[in-house]
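What follows is a single structure, written as structure tokens, with notes after it.
The values are calculated or read from the model by the stated rules, or taken from the named source; none is laboratory data. Being a predicted model, the structure only gives us computed values, none of them experimental. Here Cβ is always computed from backbone atoms with ideal geometry, including for glycine, and neighbour counts include all displayed protein chains.
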Amino acid sequence: MATAAEASLTEDERRVVGRLVELMQERFGGRLRSVWLYGSRARSERPGPESDIDLLTIADPDEGTDDGLTAILLVDQAAQELGVERPLVSIKAYDPGWLESRRQIDSFFIRDVDRDKVVLYGEP
């Protein structure tokens, strides 16, 4: 499994992602299980001009809360706090039940994520 240091992120992207994880820990609290970088950046591939940073978060559900939207807004906050340009980030937010069901059916998406992911926080 690759490490965050091996991921193809610029220094500003790395700082924003690091701050994002901290903000998610603060906002989600004990509900946050995992934050993973996946896709081409996790595989250390050279990013193209339109390449985004793919993140997948796993958090216990909270009725009436849109964790995906919250995470996107936290990307904005992280970039603002750091005074850097907001990177193009794609975040998928799911609960542990969804992850387990995807693994049970051997989902191609989760198989690829599990193969390439960089654990930024929490459980692999």
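Values computed for the structure shown
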| quantity | calculated |
| --- | --- |
| Hits in segment 20-52 (condition: more than 12 Å from the chain's Cα centre (by Cα) and surrounded by 19 or more Cβ atoms within 10 Å (Cβ to Cβ)) | Phe28 |
| Residues of segment 99-124 classified as farther than 30 Å from Pro49 by Cβ and in contact (Cβ under 8 Å) with a residue 12 or more places away in the chain, total | 4 |
| For Gln77: the one exception among (1) in contact (Cβ under 8 Å) with a residue 40 or more places away in the chain; (2) of a type in the set (S, T, N, Q); (3) in contact with a helix residue (DSSP H, G or I) (Cβ under 8 Å, 6 or more places away or on another chain); (4) buried (at least 18 other Cβ atoms within 10 Å of the Cβ) | (4) |
| Selection within segment 24-59 - without any contact (Cβ under 8 Å) to a residue 60 or more places away in the chain, within 16 Å of Asp95 (Cα to Cα) and either in contact with a strand residue (DSSP E or B) (Cβ under 7 Å, 6 or more places away or on another chain) or aromatic (Phe, Trp, Tyr) (or both) | Phe28, Arg31, Thr57, Ala59 |
| Those residues of segment 1-49 which are among the hydroxyl-bearing types (Ser, Thr, Tyr) and on the phi > 0 side of the Ramachandran plot, in sequence order | Ser44 |
| So Arg19, is it in contact (Cβ under 8 Å) with a residue 12 or more places away in the chain, farther than 27 Å from Arg103 by Cα and outside any loop (DSSP other than H, G, I, E, B) | yes |
| Positions within segment 37-61 being at pLDDT below 90, farther than 13 Å from Ala7 by Cα and charged (D, E, K, R), in sequence order | Glu50 |
